[in-house]
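Visitor: The structure is given below, and queries will be raised subsequently.
The values are calculated or read from the model by the stated rules, or taken from the named source; none is laboratory data. Note that this is a predicted model, so its numbers are computed, not measured. Cβ placement follows ideal geometry from the backbone for every residue including glycine, while neighbour counts extend to all protein chains displayed. Please note that ligands, DNA and RNA were not included when accessible areas were found on the heavy atoms of the full protein model with its side chains. Shrake-Rupley method; radii C 1.70, N 1.55, O 1.52, S 1.80 Å.
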Amino acid sequence: MSMTESTANQVRTARSPSLVLAFLCVAGFMTFVDVSIVNVSLPTIERELGITETYLQYVVTAYGTVLGGFLLLGGRLADTFGRRRMLRGGLVGFALASLLAGLAQGPAMLIVARGLQGLGSAFIAPAALSLLTTTFAQGPARTRALGVWGGISGLASVVGVILGGLLTEGPGWRWIFIINVPIGLVAALLAPLVVAESRDPEQRRKFDVAGAVVLTAGLVLLIYTLGQTVSWGWDSAATICCLVAVMVLLTGFVFVERRASAPLIPLSIFRQKVIRGANITAVFMLGTLVTLFFFASLYMQQVLNYSPVTTGLAYLPIAVIISVGAGVSQQLVNKFAAKPVLIVGLVLATSGLLLLWRAPADASYVVDVLPAFLIAGLGLGMAFVPIQVAAFAGVREADSGVAAGLINTSQEAGGALGVAVAATVAFSRVPELVAWAGTDPGRIVQARLSVFHEAFLVGAGLAFAAVLVALTLPMMRATATK
């Protein structure tokens, strides 16, 4: 038995697995919930801080982009210096960044704070997921644990919008950030009592910081450029120069990885068809999810005139159905295989977005909105479990941190890119629609509806792209051994 396997076995017996799972899910829940918790608050934040429509998306994407860019480095640091240590550091950093966001006095301060939140989450998420995979041996036990994790990640996205609505209309939007402060600090203090330390003793103390910086810079510039095309135009010199710079940065990232002695992403990992396909699918799938919550929140408040609380509560059925979908998926993956379950889930998600694409300006919640939410929620809930199973198929214990960082990077970057693409397409017609609507209230509503319809159609396209990629995956069984 290798030193790494011995260490993993010690971790599995050091604490109660159920207690460890519960604690890690709480830590992960914090990072997942902050992807969506701001969505219902966006119209209020827009008014109070004077954020323009073009920059509003950055309140969401700044978090996901920095999180996605540094997740892999966070996973490698966790493997080397200790997964519990990195988890605690991330919790403290996340709490302090949340306090800064809650005290923000302008758009720039809020967006920077959101980026710092993402940096803290980049240490929390891979450390927590890596601790989970080293606590539970591959097979049914790990599949159940990943099923809980997958369900929590999906459920957190919905709980985020519900909680965001309640806090926005209650104590105020700043509390969607301030509430993280005591939770993060208490969790950091309790971690040594609940989770045993875990690290890879064979991991070299060399880190690809350059790779993390170049990757994050490329993603940030790409998302910023996509957002600015609404005002710059696709054929402008600024857009072309920025896109060229993005290509240089992303190409530079590949060059850095090939030459690094301890690369952020060992490019050889992409030779495994399952892992490659799982991560590409995750990019499109999370792009669908975050696009749904971002634009559905705006649609319900700016077209249907829902209050923040009503908007948040409107998501409650999705919270339930995502949990149901994850539970059903967990059973199906164990009995059959991950691929067909994943495809069915993604097809349902596509169908739900297409229903929202056709929702009218005077939509009834029960007739028009709820069915779309239930279908999309069930599908996304079903997809979370098999995508996690595929992401860890055949991964060695020593690479668990990299695999955890990679799938989380795909999810977070996918969410940010999905919103950026949908916003770019939808908001590109805003000047034309504003001129057409003028000051007529009816036309203003129709103009907004047209924008949101285009965004929902882009979301459906992202989900369908995920279906196409998932079709290329081989059949995977959760009980397969390495």
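Visitor: Given (1) touching a residue at least 60 places away in the same chain (Cβ under 8 Å); (2) assigned to a helix (DSSP H, G or I); (3) touching an Asp or Glu at 6+ places or on another chain (Cβ under 7 Å); (4) not charged (D, E, K, R), identify the lone condition not met by Val425.
Guide: Every listed condition holds for Val425 apart from (1).
Every residue, every condition in (1) hydroxyl-bearing (Ser, Thr, Tyr); (2) modelled with pLDDT of 85 or more; (3) surrounded by 14 or more Cβ atoms within 10 Å (Cβ to Cβ); (4) out of contact with any helix residue (DSSP H, G or I) (no Cβ under 7 Å at 6 or more places or on another chain), yes or no:
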{"residue": "Phe207", "(1), (2), (3), (4)": "no, no, yes, no"}
{"residue": "Leu221", "(1), (2), (3), (4)": "no, yes, yes, no"}
{"residue": "Tyr224", "(1), (2), (3), (4)": "yes, yes, yes, yes"}
{"residue": "Leu243", "(1), (2), (3), (4)": "no, yes, yes, no"}
{"residue": "Leu249", "(1), (2), (3), (4)": "no, yes, yes, no"}
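Visitor: To continue, here is another question. Does the stretch 116-146 hold any residues that are surrounded by fewer than 24 Cβ atoms within 10 Å (Cβ to Cβ) and either basic (Lys, Arg) or within 30 Å of Phe295 (Cβ to Cβ) (or both), and which are they?
Guide: Leu116, Leu119, Arg142, Arg144
Visitor: Right, another one. Here is a list of conditions, (1) touching a Ser or Thr at 6+ places or on another chain (Cβ under 7 Å); (2) open to solvent by 10 Å² or more (accessible area, probe 1.4 Å); (3) of a type in the set (Val, Ile, Thr); (4) closer than 26 Å to Ala447 by Cβ, and Thr310 meets all of them except one; can you say which number that is?
Guide: Answer for Thr310: the failing condition is (1).
Visitor: Of the residues that make up the stretch 458-472, is at least one in contact with a Phe, Trp or Tyr (Cβ under 6 Å, 6 or more places away or on another chain), open to solvent by 10 Å² or more (accessible area, probe 1.4 Å), under 28 Å from Tyr55 (Cα atoms) and in a helix (DSSP H, G or I)?
Guide: yes
Visitor: Looking only at the stretch 326-340, which residues are of a type outside the set (Lys, Arg) and either open to solvent by 10 Å² or more (accessible area, probe 1.4 Å) or under 24 Å from the mean Cα position of the chain (by Cα) (or both)?
Guide: Kept after step one, since they are of a type outside the set (Lys, Arg), are these residues of the stretch 326-340: 326-334, 336-338, 340.
Matches in the stretch 326-340: Ala326, Gly327, Val328, Ser329, Gln330, Gln331, Leu332, Val333, Asn334, Phe336, Ala338, Pro340.
Visitor: I would also like to ask the following. Evaluate the following for Ser364: is it among the hydroxyl-bearing types (Ser, Thr, Tyr), under 30 Å from Phe70 (Cα atoms) and surrounded by fewer than 20 Cβ atoms within 10 Å (Cβ to Cβ)? Walk me through how you get there before you give the answer.
Guide: Details: among the hydroxyl-bearing types (Ser, Thr, Tyr): yes; under 30 Å from Phe70 (Cα atoms): no; surrounded by fewer than 20 Cβ atoms within 10 Å (Cβ to Cβ): yes.
In short, no.
Visitor: Considering only residues that are buried (at least 24 other Cβ atoms within 10 Å of the Cβ) and farther than 18 Å from Trp357 by Cβ, look in the stretch 411-449 and name the one that is modelled with the lowest pLDDT.
Guide: For the stretch 411-449, the residue satisfying everything is Glu412.
Visitor: While we're here: Inspect the stretch 231-240 for any residue being at pLDDT 85 or above, crowded, with 19+ Cβ neighbours inside 10 Å and in a helix (DSSP H, G or I) and give the result as yes or no. Let's see the steps before the verdict.
Guide: Keep residues of the stretch 231-240 that are at pLDDT 85 or above, which gives 236-240.
Next, only the ones that are crowded, with 19+ Cβ neighbours inside 10 Å stay: none.
No: the stretch 231-240 contains no residue that is at pLDDT 85 or above, crowded, with 19+ Cβ neighbours inside 10 Å and in a helix (DSSP H, G or I).
Visitor: Let me ask something additional. Taking Leu346, is it open to solvent by 50 Å² or more (accessible area, probe 1.4 Å), assigned to a helix (DSSP H, G or I), modelled with pLDDT of 95 or more and not basic (Lys, Arg)?
Guide: Numbers: open to solvent by 50 Å² or more (accessible area, probe 1.4 Å): no; assigned to a helix (DSSP H, G or I): yes; modelled with pLDDT of 95 or more: yes; not basic (Lys, Arg): yes.
When the stated conditions are applied, Leu346 does not pass them.
Visitor: Could you check Gly312 against (1) more than 20 Å from Ser153 (Cβ to Cβ); (2) in a helix (DSSP H, G or I) and say which number it fails?
Guide: (1)
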